[in-house]
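Structure record follows, encoded as structure tokens.
The values are calculated or read from the model by the stated rules, or taken from the named source; none is laboratory data. Because the structure is predicted, anything quoted here is derived from the model rather than measured. Cβ placement follows ideal geometry from the backbone for every residue including glycine, while neighbour counts extend to all protein chains displayed. These area figures cover heavy atoms from the full protein model, side chains too; ligands, DNA and RNA do not enter into them. Shrake-Rupley method; radii C 1.70, N 1.55, O 1.52, S 1.80 Å.
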Amino acid sequence: MPTWLKRGKDVEARAEADRKVRATVESILSDFEARGDAALRELSKKFDNWERDDFRLSDTEIAACKAQLSDQDLADIEFAQTQVRNFAQAQKDSMAEIAVETLPGVTLGHKHVPISAVGCYVPGGKYPLLASAHMSVLTAKVAGCGRVITCAPPFNGKPAPAIVAAQAMAGADEIYVLGGIQAVAAMAIGTESIDPVDMLVGPGNAFVAEAKRQLYGRVGIDLFAGPTETLVIADETVDGELCATDLLGQAEHGPSSPAILLTNSEKLARDTIAEVERLLEILPTGEMARQSWEDYGEVIVCDSHEEMLAEADRIASEHVQVMTDRDFWYRDNMTNYGALFLGPRTNVAYGDKVIGTNHTLPTMKAARYTGGLWVGKFMKTCTWQTIESDEASAMIGEYGSRLSMLEGFVGHAEQANIRVRRYGGRNIPYGAAAAPRQDPAE
């Protein structure tokens, strides 16, 4: 049975925090819808201390931001974007369109249609998370989306040069300096100065995630991507320093980022706790990471790998770092996770920044029913069908007629009957079901 050497906040405390977030977001979205640009300016000033006549950056401002970066900075961004683009293209290439003759004269198929307009949120209040621009903008562009706009909050009172450069290099059509609920609302609802989009994507804090949840249905969303989560599954093939580093590397994201160690070694568990305390004293972002670790960190000791697997699927974490003597066994048997990082040579930071897989992943147990952002999320798989012979139309129509009448849909039945009459030469009274033929092969 699993044993907790450390727990985070209790469930009720987290639920109360969630209730407050929901109420705040609901109020702000209602005000935003009523007042548009006026509300946008007030909210931007209130939450980001940021005021402009036009929140969209001009080409001149974008160029000025790029000019603040070194050639090496730009080359590094280009390298990361190449990896993301290549993997997204490989994913798209795997999505075959189909056309299949299911019966003589009956052809069914599907095609992949890109979303027309997409809004990408790029977090950047505490850290300029330029990687989120690669993950959303680039992937949408590979999918073929026609209009891709971005919002990122100001950083230290001005546009974050690295984020702006990444957005522009990824191919964003419009770049806005807006953060939080007001950015999400502006993209989804629209204002007098910002045209709305059809889909929202990108990670964010609890308020951004809740705003996306409340707007879902009005627009599409990628997934519920709230505060970063990480789960480290480890045994004694690795040490406490490696585990602690991988836990704190994600805990520094924010004060509500869960970081969990799952192990079958009590020694490794205790070594990791000690290493966490040591590293928190020297980590420059230690203050933020400590708050997250104290409130949301957990250490769980299990009796076996099978028990660890069951716990991992229960937790359904966004990121899962596996460092054991059977890493690919976990890959083959785990069912609930956002992304797996297998073996000590890889880690979540590689996925976050550069390796090429998408870092926008499901949180808050959403990994039970969805994967992360990928090129397919930006495309609608739409079916089509055609019947190319009289015989096939009449034959399908006879079945359709009877099945429609079985449900009581006379109008549906008549859609079938008129074709049975015209293409099959059968006399069916209006509003009646087509009688079966004596010989179905006729």
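From the list V208, V137, V118, the one residue that fits, being touching a residue at least 60 places away in the same chain (Cβ under 8 Å), outside any strand (DSSP E or B) and not charged (D, E, K, R), is V208.
Condition check for F155 on (1) modelled with pLDDT under 95; (2) of a type in the set (A, V, I, L, M, F, W, C); (3) buried (at least 24 other Cβ atoms within 10 Å of the Cβ); (4) farther than 19 Å from D222 by Cα: one failure, at (3). If you go through segment 388-442 and keep only what is of a type in the set (S, T, N, Q), open to solvent by less than 70 Å² (accessible area, probe 1.4 Å) and not in a loop (DSSP other than H, G, I, E, B), you end up with S393, S401, S404, N417. Selection of segment 234-276 for residues being within 19 Å of A289 (Cβ to Cβ), open to solvent by 50 Å² or more (accessible area, probe 1.4 Å) and in a helix (DSSP H, G or I) yields E241, L242, T245, D271, A274. For residues in segment 284-313 being in contact with a Gly (Cβ under 9 Å, 6 or more places away or on another chain) and of a type in the set (A, V, I, L, M), which is surrounded by the fewest Cβ atoms within 10 Å (Cβ to Cβ)? My answer is M288. In segment 121-152, the qualifying residues are those that are under 18 Å from the mean Cα position of the chain (by Cα), within 24 Å of G286 (Cβ to Cβ) and open to solvent by 30 Å² or more (accessible area, probe 1.4 Å), and the one that is modelled with the lowest pLDDT is L129.
Set side by side, the residues E414, E388, E407 differ, and just one is acidic (D, E) and touching a strand residue (DSSP E or B) at 6+ places or on another chain (Cβ under 9 Å), which is E388.
All but one of (1) assigned to a helix (DSSP H, G or I); (2) touching a Leu at 6+ places or on another chain (Cβ under 6 Å); (3) in contact (Cβ under 8 Å) with a residue 60 or more places away in the chain hold for L279; state the number of the condition that does not hold. Condition (3) is where L279 drops out.
When V177, V106, V118 are checked against the criterion of being among the β-branched types (V, I, T), under 18 Å from the mean Cα position of the chain (by Cα) and open to solvent by less than 20 Å² (accessible area, probe 1.4 Å), a single residue qualifies: V118.
Annotation: of all residues in segment 314-335 being within 24 Å of the chain's Cα centre (by Cα) and open to solvent by 30 Å² or more (accessible area, probe 1.4 Å), the one that is farthest from K6 (Cα to Cα) is D332.
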